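Just so you know, all these numbers are worked out from the coordinates, no wet-lab data involved. Model, not experiment: these values are computed from the prediction. Don't worry about glycine lacking a Cβ; one is built from the backbone with ideal geometry, like all the others, and counts go over all protein chains shown.
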Amino acid sequence: MSEINLITAVIPMKPLSEGKTRLSEKFTSEERANVVIGMLTTVINAISGAGVKNFIVAGGDKRVENATILSGGTWVPDPGSDLNSTIKSVFTEVLAQNNSAMFLAGDLPFVKSADVYSLIRTSGNQKNIALSPARKDGGTNGILVPPGIFFEPQMGSRSFAKHLAQAATAEQSVSICYSYGLGYDLDTIDDLNSYQHMEPGLLERLYKQSERF
């Protein structure tokens, strides 16, 4: 069996009515939902294109569930009370099956299969923790944890520095993946305006990708 088949990607999601509320000043709830689904499908396509066949979307709503299943993934109700407990719960199950657990944020509009593959390579092909930082706020947009290695998700403010400090304290090997597609997550109107200069037609692409779901 290929080593890449021993990776399960995990994408936490909120119900669409609760996602990306900072876009509400410009978008209706339906438009906002379409942006979110468009980004989710972008992430799923990147995962699949990198050869990672197993992925789990945790949380969301019926439309998120449908998008996950129609894209060949597994959907589970949110098992946690917040983002960290959600990631920890699903990671625990994946690692218990002797698979590597990969977290990807669901709001990465530019991510491609090469970015996902870069995260895998950075881990030494699943020999150590790999982290991919967000470019703008000190967050963490990608994580790969091989089985047998302890990892406590610390998402939130300055999560990337916290994850590095955790690994150092535990004397665990960690590698950093600086990736274009994993670096940019979309949260605000300012983000969207900037990103549309980076990719003219971005919003139209996300809308189009959401139409299937």
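Structure above, values below:
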item	result
Along the chain, longest interval not containing exposed GluC sites (Glu not before Pro), exposed being DSSP loop plus at most 13 other Cβ atoms within 10 Å	26-170
Relative contact order %, segment 1-98, counting alpha carbon pairs below 8 Å whose residues are six or more apart	33
Helix-derived mean residue ellipticity, 222 nm - over the chain, DSSP H n ≥ 4, -39500 (n - 2.57), to 500	-12500 deg cm²/dmol
FRET efficiency for Arg158 and Arg212, using Cβ-Cβ distance with R0 set to 41 Å, rounded to 0.05	0.65
Note, ³J(HN,Hα) from phi for segment 65-78, Karplus 6.51, -1.76, 1.60, rounded to Hz, x at Gly and Pro	4, 4, 4, 5, 5, 5, 8, x, x, 10, 10, 10, x, 4
Inter-label distance for Asn193 and Ile69, nm, one decimal - labels placed 7 Å from Cα along Cα-to-Cβ	4.1
Alpha-carbon Rg/Rh ratio, for segment 3-210, with Rh computed the Kirkwood way	0.94
Dipole magnitude of segment 3-210, debye to nearest 20 (Cβ charges: Lys/Arg +1, Asp/Glu -1, about Cα centre)	300
Within a Gaussian network of the chain (alpha carbon springs, distance under 10 Å), most fluctuating of Met102, Met13, Met198	Met198
The chain: most fluctuating residue of Lys136, Lys88, Lys127 per GNM, C-alpha cutoff 10 Å	Lys136
When each of Lys127/Lys208; Lys162/Lys208; Lys62/Lys127; Lys20/Lys127; Lys14/Lys162; Lys62/Lys162 is checked by Cα-Cα distance, pairs over 30 Å	Lys127/Lys208; Lys162/Lys208; Lys62/Lys127; Lys20/Lys127; Lys62/Lys162
Euclidean distance of C-alpha centroids, segment 11-70 and segment 126-172, integer Å	23
Other-chain or far-sequence residues with amide H under 5 Å of Asn141's (modelled H)	Ser132, Ala134
Local electrostatic count at Lys136 - Lys and Arg +1, Asp and Glu -1, tallied over other residues with Cβ under 15 Å	-3
Separation in nanometres of the label points that stand 7 Å from Cα toward Cβ, at Asn98 and Ser17	4.4
Listed residues Pro109, Pro77, Pro133, most fluctuating in the chain (Gaussian network, C-alpha, under 10 Å)	Pro77
